[in-house]
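Undergrad: Input: one structure, supplied below.
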Amino acid sequence: MREPNPLLSSISDWFRRNFSDPATVALFFTVLFMLLFLEFFGHFFMPVLISIVLTYLLLSVVRLLERCRFPHFLAVLVVFSVFIGLVIFAIVWILPIVVRQLQNLANELPTAFSQGHQWMTTLMQKYPVIFADPHFQQSILFLQNEMSNVGQLALKHVWILIPNLITVVLYFILVPLLLFFFLKDSHKIVHWFTKFLPKNRSLVMNVWQDVNQKIGCYVRGRVIEVLIVGSMSSIAFALLGMEYAMLMGMLVGLSVIIPYIGVVLVTIPIFIIALMQWGIAPHFLYLMITYAVIILIDANVIIPLLFSETMDLHPVVIILSVLVFGGIWGFWGVFFAIPLATVGDVILRNWPREGGDI
């Protein structure tokens, strides 16, 4: 009689330890189904996913009004109306300013790069030993020629955005409708959805309750952080007299969506624009110090206050999550990198270590 293969025996023992409990199998296939659904159908259901994100953001406000003796429908109507009003205000007042500043910045890039080239030429004359390398000079000339075509390339690519604009218009119709019904009938929808879960769903429900709480806290906290950091940066940059203050402030606010990496990326345009505007002058130093203070306040005050329940992850795990989920699902993968990593952490914590022990 042949002896069993040690490798096959180890694999069999591993499956027996980890998948002997029906609740564990139910959790595994539930997670697998959700991942496959998002991978193959997430693009088609993007308005639904956006509406779910907004529901997480606004549902706590609805519940707050309900605790203040508001009827459920009236609370939903008030929150929904205020949210739509804020969106319209942002589109009518803030968006045109940001677009205008972005257009001005794109038009001024060739001129700014020429000024930068003159500045580099002056440095090369002062320190000829450092900048005498012909390859370095060729690189500078190549970049100058490429940047001179930025404006023309931007105009050409505007036509490519027209189909995306049609999609955006469609989203502006679908998302508010879905958001209203999600706010109004959230309990009914969740109850309906649970009917399709496996029968042995005790472990699924434990994981869902933990994940639901953490994702809700994360979405609300991240949106509040974007608004606080973006407003604080825009006001500080405007008070210091920086050009494109609102545009740069908005970029700083959006950069917090990508932990660690976003701060590094957005520092580059702020540094370049401030350097082009003032050169190495006190105003430049004041602005960079102010920007550093904003980043420190965000890291040491705002994040601990908003994410005390959802940021219990090592920075290496967060960075890897941003890279992996961002590569799979783009912007939404980056936005949900931390809660998705938290989902994995919750599943591993709840997964039975031995045959049915939870």
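Undergrad: Quickly work out the V317-to-N300 label distance, labels modelled 7 Å from Cα along the C-beta direction, and quote it in nm with one decimal.
TA: 2.5 nm
Undergrad: Okay, next question. Counting only protein heavy atoms and using a 1.4 Å probe, what share of the accessible area of the stretch 161-303 belongs to carbon plus sulfur, as a whole percent? The partial results should precede the final answer.
TA: Numbers: 5970 of 7820 Å².
Of all accessible area on the stretch 161-303, carbon and sulfur atoms account for 76 percent.
Undergrad: Does the stretch 194-335 come out rounded, prolate or oblate, given a ≥ b ≥ c as the square roots of the eigenvalues of its C-alpha gyration tensor, rounded meaning a/c under 1.5 and, failing that, prolate meaning a/b above b/c? Each step should come with its number before you reach the end.
TA: Working: a/c = 3.03, a/b = 2.57, b/c = 1.18.
It comes out prolate by the Cα gyration axes.
Undergrad: Any idea of I268's accessible area? Nearest 10 Å², probe 1.4 Å.
TA: Per-residue accessible area (I268): approximately 90 Å².
Undergrad: Once you put a point 7 Å from the Cα of V264 and another 7 Å from the Cα of W93, both along the Cβ direction, what distance in nm separates them?
TA: About 3.7 nm separates the two model spin labels.
Undergrad: Show me the ranking of peptides 220-227, 80-87 by mean Cβ neighbours inside 10 Å, starting with the highest.
TA: Working: 220-227: 17.4, 80-87: 13.2.
By packing density, highest mean first, the sequence is 220-227, 80-87.
Undergrad: For the pair L32 and A238, how long in nm is the line joining their label points, each one 7 Å along Cα→Cβ?
TA: Here the answer is 5.4 nm between the modelled labels.
Undergrad: How much length, in nm to one decimal, is gained on full extension between T194 and V82, taken as 0.36 nm per residue of separation minus their Cα-Cα distance? Please report the intermediate quantities before stating the final value.
TA: On the way: separation 112, 0.36 × 112 = 40.32 nm, distance 3.10 nm.
Gain on stretching T194 to V82: 37.2 nm.
Undergrad: In addition: Can you compute 3J(HN,Hα) from phi for each residue in the stretch 215-229, using the Karplus curve 6.51 cos²θ - 1.76 cosθ + 1.60 with θ = phi - 60°, rounded to whole Hz and x for Gly and Pro?
TA: Each residue's phi maps through the Karplus curve to give 5, x, 4, 5, 4, 4, x, 5, 5, 4, 5, 4, 5, 5, 5 Hz.
Undergrad: Could I ask something else about it? Hey, quick one: spin label on N212, modelled 7 Å out along Cα-Cβ, who in the stretch 33-58 has an amide N within reach, i.e. under 18 Å?
TA: 34, 49, 51-58
Undergrad: Still on this structure, I have one more. Classify the stretch 42-84 as rounded, prolate or oblate, taking a ≥ b ≥ c as the square roots of the eigenvalues of its Cα gyration tensor: rounded when a/c is under 1.5, otherwise prolate if a/b is larger than b/c and oblate if not.
TA: Numbers: a/c = 3.34, a/b = 2.57, b/c = 1.30.
Prolate.
The values are calculated or read from the model by the stated rules, or taken from the named source; none is laboratory data. Just so it is clear, the structure is predicted and the values come from calculations on it, not from any experiment. Heads up, the Cβs are rebuilt from the backbone with ideal geometry, glycines too, and the neighbour counts pull from every protein chain shown. SASA here: full protein model, heavy atoms, side chains in, ligands and nucleic acids out. Shrake-Rupley method; radii C 1.70, N 1.55, O 1.52, S 1.80 Å.
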